Amino acid sequence: KALEMERTAVVEEVKKGGLRGRGGAGFPTGLKWSFLAGKESEKKFLICNADEGDPGAFMDRSMMESVPHQVLEGMLIGVYATGASEIFIYCRAEYPLALKNLRIAAKQIEEKGYDVIDRRKIKITIKEGAGAFVCGEETAMINSLEGKRGTPRFRPPFPTDSGYKGYPSLINNVETFANVPILLNEGGENYAKVGTEGSKGTKLFALAGDIKNPGLVEVPMGATIGDIVYKIGGAEKGTVKAVQIGGPSGGCIPEDKFDVSVDYDSLRSLGAIMGSGGLIAIGKNRCMVETARYFLDFTAKESCGKCTFCRVGTKRMLETLELITKGKGTLEDVAFLEDLGPKIINGSLCGLGQTAPNPVISTLRFFRNEYIDHVSEKKCSALQCNALVNLRIITEKCIKCKLCIKACPVNAISDEFVVDNSICTRCNSCIEVCPKNAVERIPAGGAK
């Protein structure tokens, strides 16, 4: 159908459909395609960002494994519409089945001659990434494709002006390209009937966390967080404290905001991002300070180190969060986090640094009371921060089976079934093996 249309008509149809990039930024796809289509160059490149680095996210992986032809079809339509001369797919080496199926699909396309567009044979190159999270950023990925270290570039020039080896290049992610054949088949007007005013179509989410039904889900743009967590995820109302949406750099949205619709603009107003589609439900028994520390630990390690604010700033934020979770934080530390977060965002070159503080900023905004408890009261209400809890055996419940004594790796439980919290590592082995639930975590300073 696309080949029967004028090139400009294909771009206009994508614009009419309102498709926005599914990789996180949400840039209008048709507009980006028009930039490349308008470039006169000896070579133009179409690049698929399949470097899905968010922990627990597997939307792109699932599509490459199950419908690789659909992904490649979307790219070939893009080649026709923009006049690109070559295709790259940058896929994580940790996805062996996805890589295998992409190569099979590419070979079948070549055998059928579908890679010949306007009498031009389109070369399809599949590049395996080495696992760097920052290479999900488009200019860092281009550097990696060129054999260089994966660090982001200054923009402008943008990739559609000067990308791979200096040639105009267009980057969309797997889910974006996979939406293109559907949009063209249905027509832009019909495609745009699903979703909200500013966010059209459907979105894939990797649903995980404290829910009954984890997995991959597809919902129309505009569905509420509550619909996803309760109706699809199967969580009971009142058991989920928040959701963390948008990958490790996403924001945490509290339960009282679960009526917000899942679209680019609504999430941004709450300090969160759509990201590539990771959504983690956080139960009432979780500590939001520890949650922020956990995600910042990941982004701090994945920083490429090019920008000082990202390289050093995330490290300083992480050190401060570690002090707070250990009961050594102060109110000045909380103020320091609030001051440093926006500076990292403004002083970073790419999306990693610009979004890394989001978990901290959003939890400070919506769960400030938990930070105050940690620094002022030296307590963790969720009993999750090990330095702020002790373990105790409830004598009334204990049947003296000694399973806890046998399970303890540091011999912290005496024959009288008393826990020595000075040597206990809070590994919870005793809690897990106790048949009577007689071992409990209590606030530090409580009964031993």
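Bear in mind that the values in this text are calculations on the coordinates, not laboratory data. All values derive from a computational prediction rather than experimental measurement. Cβ: placed from backbone, ideal geometry, glycine included. Neighbour counts: every protein chain shown.
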Study note, to complete from the structure: Final fewest-first order of 287, 398 on the 10 Å Cβ neighbour count is 398, 287
Review point. Ranked highest first by the average count of other Cβ atoms within 10 Å around their residues, in what order do 381-391, 333-343, 233-243, 273-283 fall?
Key: 273-283, 381-391, 233-243, 333-343
Exercise for review: Calculate I(q)/I(0) for segment 194-287 by the Debye formula, one identical point scatterer on each C-alpha and no solvent, and give its log10 at q = 0.21, 0.24 Å⁻¹ to two decimals.
Suggested key: -0.98, -1.31
Study note, to complete from the structure: Once both label points are put 7 Å beyond Cα along the C-beta direction, the residue 93-residue 328 separation in nm becomes 3.7
Review point. Quick one: 35, 133, 367, fewest Cβ neighbours within 10 Å first, how do they rank?
Key: 35, 367, 133
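For residue 396 and residue 182, compute 0.36 nm times the residue count separating them, minus their Cα-Cα distance, and round to one decimal in nm.
Numbers: separation 214, 0.36 × 214 = 77.04 nm, distance 6.32 nm.
Result for the pair: 70.7 nm of gain on full extension.
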**Study point:** Relative contact order (%) - the chain, alpha-carbon pairs under 8 angstrom, separation at least six
**Key:** 13
Check your understanding: Taking the chain as a Gaussian network, where each spring joins two C-alpha atoms under 10 Å apart, which residue of 436, 212, 378 fluctuates the most?
Key -> 436
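Find the Rg to Rh ratio for segment 150-307, where Rh is the Kirkwood radius over alpha-carbon pairs and Rg uses the same atoms.
Rg/Rh for segment 150-307 comes to 1.02.
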Check your understanding: Helix-derived [θ] at 222 nm for the chain: sum -39500 (n - 2.57) over DSSP H runs of at least 4, divide by residue count, nearest 500?
Key -> -10500 deg cm²/dmol
Review point. Which label marks the calculated value of Kirkwood radius over Cα pairs in Å, given the options (i) 23.8; (ii) 22.9; (iii) 26.5?
Key: (i)
Check your understanding: Full extension from residue 437 to residue 190: what is 0.36 nm times the residue separation minus their Cα-Cα distance, to one decimal in nm?
Key -> 83.3 nm
Check your understanding: Which value in Å does the Kirkwood hydrodynamic radius of segment 2-191 take, with 1/r averaged over all unlike C-alpha pairs and then inverted?
Key -> 16.4
Study note, to complete from the structure: Answer in debye to the nearest 20: the dipole magnitude of the chain about its Cα centre, from +1 Lys/Arg and -1 Asp/Glu charges placed on Cβ, is 720
Check your understanding: Using Cα pairs under 8 angstrom and six or more residues apart, how large is the relative contact order of segment 310-419, in percent?
Key -> 24
Practice item. Please find, in a Gaussian network model of the chain (springs between Cα atoms separated by less than 10 Å), the residue of 142, 361, 372 whose mean-square fluctuation is greatest. Key: 372
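Given the convex hull over the Cα atoms of segment 389-443, what projected area results after averaging over all orientations, in nm²?
That works out to 3.2 nm², a quarter of the Cα hull's surface.
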Study note, to complete from the structure: Among 114, 371, 80, the residue with the largest mean-square fluctuation in a Gaussian network model of the chain built from Cα contacts under 10 Å is 114
Review point. Do you know the relative contact order of segment 201-307, to the nearest whole percent, from alpha carbon pairs under 8 angstrom that are 6+ apart?
Key: 29
Practice item. If a/c stays under 1.5 just call it rounded; otherwise compare a/b with b/c (prolate if a/b is bigger, oblate if not). Do that for segment 291-377, with a ≥ b ≥ c from the square roots of the Cα gyration tensor eigenvalues. Key: prolate
Revision key, fill the gap. Going through 203/328; 107/203; 231/402 one by one, the pairs whose alpha carbons sit over 32 Å apart turn out to be 203/328; 231/402
Exercise for review: State, to one decimal in nm, how far the label point of residue 213 lies from the label point of residue 284, with both points 7 Å from Cα in the Cβ direction.
Suggested key: 2.2
Check your understanding: If you take the square roots of the eigenvalues of the alpha-carbon gyration tensor of segment 138-178 and sort them as a ≥ b ≥ c, do you get rounded (a/c under 1.5), prolate (a/b over b/c) or oblate?
Key -> oblate
Review point. For segment 91-210, what class follows from the C-alpha gyration tensor (a ≥ b ≥ c being the square roots of its eigenvalues): rounded when a/c is under 1.5, otherwise prolate if a/b is larger than b/c, else oblate?
Key: rounded
